[in-house]
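Worksheet for the structure shown next.
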């Protein structure tokens, strides 16, 4: 009997756990692999105790991300060594750039793959050779972002060569995906219950320039807005030099586009923008932000700021601080610079001391916390729509139109509401990074309906 169970376990395809690190673009890659594995008969699991194989999808954007990726790979190797016949593979941005070094440092890994090497991965995992051929031509433009939400990756790579960023080395130059295929996938997502599409790319505002010879993001969003079932469109990673005021003004008028813009300025000092190779100015960025806000009170502009870049003086930082005071971003993330090999920034002189950079980060985060608290307090008593993500302890946690998954604030709603659906609520309390609310019940809503268990499609190029 034991022998029969042993033979059966040898015959079944291995159970695979995918550990995803980094940004939403990596999530799309992980879901692409998941879809291909399912098509080939593999079982995807979420607990290490049930897995035969762990695949670590690495991130190499900044030093902290690289350290985390290495730590997770080391933990997976220890998991492998705790039992027979376990295997560990690595993929993603870090392995794309530093695969040879990782192989030398971690020979216990059973395989190291770059971005999109699906056929090689399937072969290494033991898929049927007849089904592996052509896998590299399959792609998914989408990935799960939560109940009722999905990322829609409209492009990959980047051609801007910012001095602090190694993305072009890892993901190549900018490549837009075909508009008609993006719309087709979005329609499939809508039929599975997706309410929110989060439009992502390394930068989204250049969409179409490489293939259509003009910016096509507005046209794409207009076609996505026409899809029945899609209620929210959210733009992430808008590149300021590629987002002039007239373009953002036109984009803001697209139906179903939530009043939210991810607009990473990185800095506001002319000196630092030049050293970072950011082809814009504080004045131009402010004009673009004003064009998107266009006098409305409900708009959220999110930004990302980098402090401690080589050559950043106290005066440079003061200019950045005053810019953030003046613009009053509704959401902001602040990071300290870490040099990336192969980038222009890594070759620059005048490094900033770590303590100075951390102090600047702390000052900006204190400013941003106060700005967030003031804006949240002004929302008390107002009504808004919230997309529910989960239930916990007689409360429901969700996101407003101002909040993207994992990076922004949360809304805690009293009572248990269905994840994956939009609900109207009244704001009853406010903190810097959280709103409290009570639901406004609508008898027309069927609370038993849920769109949290949708399956993502895989399209062939």
Margin query: I need the full set of residues from the range 271-286 which are surrounded by 14 or more Cβ atoms within 10 Å (Cβ to Cβ) and over 23 Å from the mean Cα position of the chain (by Cα), in order please.
Written below: 271, 272, 273, 274, 275, 277, 279, 280, 281, 282, 284, 286
Checklist line | Residues located in the range 160-172, provided they are over 12 Å from residue 344 (Cβ atoms) and without any contact (Cβ under 8 Å) to a residue 24 or more places away in the chain | finding: 172
Margin query: For the range 178-196, give me each residue that is farther than 16 Å from residue 231 by Cβ and either outside the structural domain of residue 212 (by TED's automatic domain parsing) or buried (at least 22 other Cβ atoms within 10 Å of the Cβ) (or both).
Written below: 182, 185
Note to self: If I go through the range 35-68 residue by residue, how many of them are in contact (Cβ under 8 Å) with a residue 40 or more places away in the chain and in a helix (DSSP H, G or I)?
What the structure shows: 8
Check: So which residues in the range 322-341 are touching a helix residue (DSSP H, G or I) at 6+ places or on another chain (Cβ under 7 Å) and in a helix (DSSP H, G or I), if there are any at all?
Finding: 323, 324, 325, 327
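Condition check ((1) assigned to a strand (DSSP E or B); (2) assigned by TED's automatic domain parsing to the domain that holds residue 257; (3) crowded, with 20+ Cβ neighbours inside 10 Å) across all residues:
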{"position": "388", "(1), (2), (3)": "yes, no, yes"}
{"position": "391", "(1), (2), (3)": "yes, no, no"}
{"position": "397", "(1), (2), (3)": "yes, no, no"}
{"position": "413", "(1), (2), (3)": "yes, no, yes"}
{"position": "420", "(1), (2), (3)": "no, no, yes"}
{"position": "424", "(1), (2), (3)": "yes, no, no"}
{"position": "429", "(1), (2), (3)": "yes, no, no"}
{"position": "435", "(1), (2), (3)": "yes, no, yes"}
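The values are calculated or read from the model by the stated rules, or taken from the named source; none is laboratory data. Being a predicted model, the structure only gives us computed values, none of them experimental. So basically every Cβ, Gly included, is an ideal-geometry build from the backbone, and we count neighbours across all protein chains shown.
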